[in-house]
Amino acid sequence: MAEEAPEDGAVRTLPSLRRLSRALPFGRSHGRLGVSSSGRHIVPALCSQEKADPQKTAFLLRKAWTLYSVTPLYRFRRCRLRDYARLLGAFIAAEKQKGLAVEVGVELDIKVALSSLADLRGSELDQDALLVQHFTCLPLFLTHGPESYTSLVGSWFQKTFDCCFRRLAISPLNLSWMVAMWAGCKLDRAASAVELIFSVPCLAQPLDISYAIHPEDAKALWDTVQKTPGEITQEEVDVFMDCLYAHFHRHFKIHLSAAKLVKVSTAIASAHCDGIVKILHSQYLPGVLMLLTELAISQIQ
């Protein structure tokens, strides 16, 4: 861990090749958000998962994480995590000293630690998540901390493993899926409001519209829309959003469908179209990370 920002951390989620080829992930085998044989877009509903140790994953919660997608790492070896940590530390130190040579293994002001997080596997077929303190990699890279460190670590991974980093934006369509899935989740405590932020285009001055819904009302609406428990379809998401739009228009005479959905917030998580995510509930942490991982996979295809 770099001593200059000890409170920061990051986690990598890495589906195994077996899962990528056999399972039906969010953005790969189903297409945009999942396509069934009947042509409907389908994705498994976000489920609560109890197996993650809250103490080991607490650092992930209530922080704004910036998302990147990462192409496969060439000749990456999990058994060499300590070697990678030393090499990455030396690279960062050299860059901070404006390119001066730094001997690997010499005591440095910058320290990097890599470790594995078994609690963040999405299923038994997945490999353990890899923790790179301050940064994450393949196929989902989340950063929380100074942009300078993000740039340095990204450069090292690209040079070392011949991979490519790219900011992971979230489309309005995917934001609508997220708010529908998260609004329908059961919580064991009082939940915050479901909020949608819309940006109005073609105006001289920027204008955002905030639309807040009581969490119980949002869940009740979703429960009436969802036909099959444990499954979400594109048609259901469209109906859910259309109902919200119709309610807003009835009260304010504004067509939200003409605006751009840029952010959604629920008690589970919040997500911005620029690829900024904040996870708020430990119970659904693995499911949210799996969802974001599938978005990253769809972008690097």
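Of note, Pro286 satisfies the criterion of being in contact (Cβ under 8 Å) with a residue 60 or more places away in the chain and under 15 Å from Leu142 (Cα atoms). The lone criterion from (1) of a type in the set (Gly, Ala, Ser); (2) in a loop (DSSP other than H, G, I, E, B); (3) at pLDDT 85 or above left unmet by Gly122 is number (3). Would the range 233-242 turn up any residue that is closer than 26 Å to Cys202 by Cβ, modelled with pLDDT under 95 and surrounded by fewer than 17 Cβ atoms within 10 Å (Cβ to Cβ)? Scanning the range 233-242, I find no residue that is closer than 26 Å to Cys202 by Cβ, modelled with pLDDT under 95 and surrounded by fewer than 17 Cβ atoms within 10 Å (Cβ to Cβ), so the answer is no.
Residue-wise test of (1) outside any strand (DSSP E or B); (2) over 24 Å from the mean Cα position of the chain (by Cα).
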| site | (1), (2) |
| --- | --- |
| Asp217 | yes, yes |
| Leu221 | yes, yes |
| Pro229 | yes, no |
| Met241 | yes, no |
| His249 | yes, yes |
| Val262 | no, no |
| Asp274 | yes, no |
| Pro286 | yes, no |
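Within the range 212-256, the residues that satisfy the criterion of being of a type outside the set (S, T, N, Q) and touching an Asp or Glu at 6+ places or on another chain (Cβ under 7 Å) are Ala212, Val225, Lys227.
Does any residue of the range 270-280 turn out to be of a type outside the set (D, E, K, R) and at positive phi? Within the range 270-280 (the criterion being of a type outside the set (D, E, K, R) and at positive phi), the answer is yes, since at least one residue qualifies.
Scoring Leu168 on the criteria (1) modelled with pLDDT of 65 or more; (2) open to solvent by 10 Å² or more (accessible area, probe 1.4 Å) leaves a single failure, condition (2). What are the residues in the range 245-269 that are open to solvent by 10 Å² or more (accessible area, probe 1.4 Å) and either of a type in the set (A, V, I, L, M) or in contact (Cβ under 8 Å) with a residue 60 or more places away in the chain (or both), if any? Within the range 245-269, Ala246, Ile254, Ala258, Ala259, Lys260, Val262, Lys263, Ser265, Ala267 meet the criteria.
Among the conditions (1) open to solvent by 10 Å² or more (accessible area, probe 1.4 Å); (2) in the same structural domain as Arg82 (by the TED database); (3) β-branched (Val, Ile, Thr), Val153 misses just one, which is (1).
Against the criterion of being acidic (Asp, Glu), farther than 20 Å from Tyr68 by Cβ and either in contact (Cβ under 8 Å) with a residue 12 or more places away in the chain or open to solvent by 20 Å² or more (accessible area, probe 1.4 Å) (or both), Asp274 does not qualify.
The values are calculated or read from the model by the stated rules, or taken from the named source; none is laboratory data. In this text, all values refer to a predicted model and were calculated from it rather than measured experimentally. Positions of Cβ are generated from backbone atoms using ideal geometry, with glycine treated the same way; all protein chains shown enter the neighbour counts. The protein model used for the area step is the full one, side chains on, heavy atoms only, and it has no ligands, DNA or RNA in it. Shrake-Rupley method; radii C 1.70, N 1.55, O 1.52, S 1.80 Å.
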